[in-house]
Amino acid sequence: MKTVDEILTVLDEMAPLSTAEEWDNAGFQVGDLEANVKKALVCLDVTEAALEEAQKIGAELIISHHPLLFTPLSDLPADHLIYKLAVAGISNIAMHTNLDKAQGGVNDCLAAALGLTDLREAYGLGRVGTLETALSPKEFAVKVKTLLGTAVRLKEGSRAVKTVGLLGGAGGDVLEGDEVAAADAFVTGEIKHHQWLAAPDVTVVDAGHYATENVVVEPLCAALSAKLPDVEFLPFLATAPYETI
């Protein structure tokens, strides 16, 4: 059995909190650092469904990618998730942009899911890698759709896709810079209209925020289980918070 604080220490070794973006609020969010943990739920977001699952399995800790706390609260009513977590005695740790950057983190997991090799860091948080076989833009988009199990949006570039840049989650800002043009394609999960317009002549695939980040949940469980075998880490994959019709 480990405490919340001991698990936080291991997480900090895997994805140092000091590497989180300046605007981020990664780390300990809610609960008791000295509480003992036998089971921990690992998920993308702390939602009502995640809380219910944690209570169902008897988890004392939820490790999420997205933080519950970004800005100061003006009140804390009984129907707020933070209040409910505290009442249930369940702590929460968020590993956000530090996990995006980390070796074995979100973007490495996304690259692995897409079959990329020869990875290098790019775009601050992201990666650039290589496909085994060059594909047409549409073939590549279908590959992303199939491997991630999600609908995608595509803007075709003029050349075959061999090198691929990626940034899980909201990575549309990359399209406004020069670095993206070095790869044949760019995959992310959230692109604004003006960013589509700003994109250079590369293939761009928007696979959704959820699908491009949820790939980290199971690998993070496995990595934590290997480091902390006396704690049971259980994935909660849920579904995207929207439906494509």
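General observations
- Accessible area expressed per residue, region 30-99, with surrounding protein chains retained (probe 1.4 Å, Å²): 45 Å²
- Residue among Ala112, Thr97, Gly169 farthest towards the positive dipole end of the chain, charges placed on Cβ: Ala112
- Cα centroids of region 69-130 and region 138-181: 21 Å apart.
- Label-point separation in nm, Ala35 to Ala134, each point 7 Å along Cα→Cβ: 5.5 nm
- Under 14 Å, Cβ to Cβ, from Val87 - net charge with Lys/Arg +1 and Asp/Glu -1: -4
- Between amide H atoms placed 1.01 Å from N, distances below 5 Å from Gly157 occur with Thr203, Val204, all of them 5 or more places distant or on a separate chain.
- Calculated FRET value between Leu76 and Ala198, using beta carbons and R₀ = 45 Å, to 0.05: 0.65
- Label-point separation in nm, Val142 to Glu179, each point 7 Å along Cα→Cβ: 3.2 nm
- Within region 9-122: Cβ-based charge dipole about Cα centre, in debye rounded to nearest 20 (Lys, Arg +1; Asp, Glu -1): 300 debye
- Alpha-carbon centroids, region 185-243 and region 1-44: separation in whole Å: 19 Å
- Summed over qualifying helices (DSSP H, 4 residues or more, each -39500 (n - 2.57)) and divided by its residue number, the chain shows a 222 nm mean residue ellipticity of -8500 deg cm²/dmol.
- Rounded, prolate or oblate (a/c below 1.5 giving rounded, otherwise prolate when a/b exceeds b/c) for region 48-89 by Cα gyration tensor: oblate
- For Phe236, solvent-accessible area (1.4 Å; no DNA, RNA or ligand), Å²: 40 Å²
- Of all DSSP beta bridges in the chain, antiparallel share, percent nearest 5: 45 percent
- The C-alpha atoms of the chain define a longest principal axis, and helix 4-14 lies at about 20 degrees to it.
- With K and R counted +1 and D and E -1, the other residues having a Cβ less than 15 Å from that of Thr130 yield a net charge of 0.
- Cβ charges +1 (Lys, Arg) and -1 (Asp, Glu), total dipole of the chain, debye: 720 debye
- Against the main long axis of the alpha-carbon atoms of the chain, helix 137-148 sits at an angle near 20°.
- The order of Ser225, Ser158, Ser74 by accessible area, most exposed first and with a 1.4 Å probe, is Ser74, Ser158, Ser225.
- Phi angles of region 225-230 translate, via the Karplus equation with coefficients 6.51, -1.76, 1.60 and θ = phi - 60°, into HN-Hα couplings of 4, 5, 8, 10, x, 8 Hz per residue; Gly and Pro are given as x.
- To the nearest ten degrees, helix 48-57 and the longest principal axis of the Cα atoms of the chain are 50 degrees apart.
- Cβ-based charge dipole, region 48-102, positive-most Cα from Ser64, Ala86, Ser74: Ser64
The values are calculated or read from the model by the stated rules, or taken from the named source; none is laboratory data. The structure presented is a predicted model; accordingly, all values stated were derived computationally and were not measured. Neighbour counts are summed over all protein chains in view; Cβ atoms, including those assigned to glycine, are modelled from backbone coordinates with ideal geometry. Keep in mind that these areas ignore ligands, DNA and RNA; they rest on the heavy atoms of the full protein, side chains included. Shrake-Rupley method; radii C 1.70, N 1.55, O 1.52, S 1.80 Å.
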